[in-house]
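A.B. asks: Below you will find the structure I want to go over with you.
The values are calculated or read from the model by the stated rules, or taken from the named source; none is laboratory data. Treat the numbers as computed from the prediction; the structure is a model and nothing was measured. In this analysis, Cβ positions are derived from the backbone assuming ideal geometry, glycine residues included, and neighbour counts consider all displayed protein chains. Each accessible area value is taken on the protein alone, full model and side chains, heavy atoms only, with ligands, DNA and RNA left out. Shrake-Rupley method; radii C 1.70, N 1.55, O 1.52, S 1.80 Å.
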Amino acid sequence: MSGAQDQLEIKFRLTDGSDIGPKNFPVAMSVATLKENIIAQWPKEKENGPQTVKDVKLISAGRILENNRTVADCRSPLCDIPGGVMIMHVVIQQPLMEKEKKLPSDLKQNKCVCAIL
């Protein structure tokens, strides 16, 4: 029985509604290691896949998970249901350089601020 308590079944939901998993992970595993696992399992046919752990944000129970936390720290009371699968939402952040390239040049130069006193 203790082996089942040391593992947590997690499914990663991508922004397009598709999933990675479910798969069992040790509760002592860090969120950063989970993110590395997501990068390794990222579907090859999807564009704009994450390159580094910093590109990935994991959200569970409405909270953004910090890299230094463990899976056990992120566990929700709903995960204690036998046979339940924990769903974590995956959000990919594009690096700042790519965001700037996509902005039209006129938007970059026109940065006015108005203040009404």
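A.B. asks: Scanning the range 40-54 for residues that are touching a strand residue (DSSP E or B) at 6+ places or on another chain (Cβ under 7 Å) and surrounded by fewer than 17 Cβ atoms within 10 Å (Cβ to Cβ), which turns out farthest from Lys11 (Cα to Cα)?
C.D. replies: Ranking the candidates gives Asn48 first.
A.B. asks: I've got another one for you. Can you tell me which residues in the range 15-33 are within 17 Å of Asn68 (Cβ to Cβ) and free of Cβ contacts under 8 Å to residues at least 40 places away in the same chain?
C.D. replies: Hits for the range 15-33 are Ala32, Thr33.
A.B. asks: Specify which of the listed residues (Ile64, Ile92) is modelled with pLDDT of 85 or more, open to solvent by 80 Å² or more (accessible area, probe 1.4 Å) and among the β-branched types (Val, Ile, Thr).
C.D. replies: Ile64
A.B. asks: Follow-up question, since we're still on this one. For the range 24-54, which positions are within 24 Å of Asp6 (Cβ to Cβ) and of a type in the set (D, E, K, R)?
C.D. replies: Matches in the range 24-54: Lys35, Glu36.
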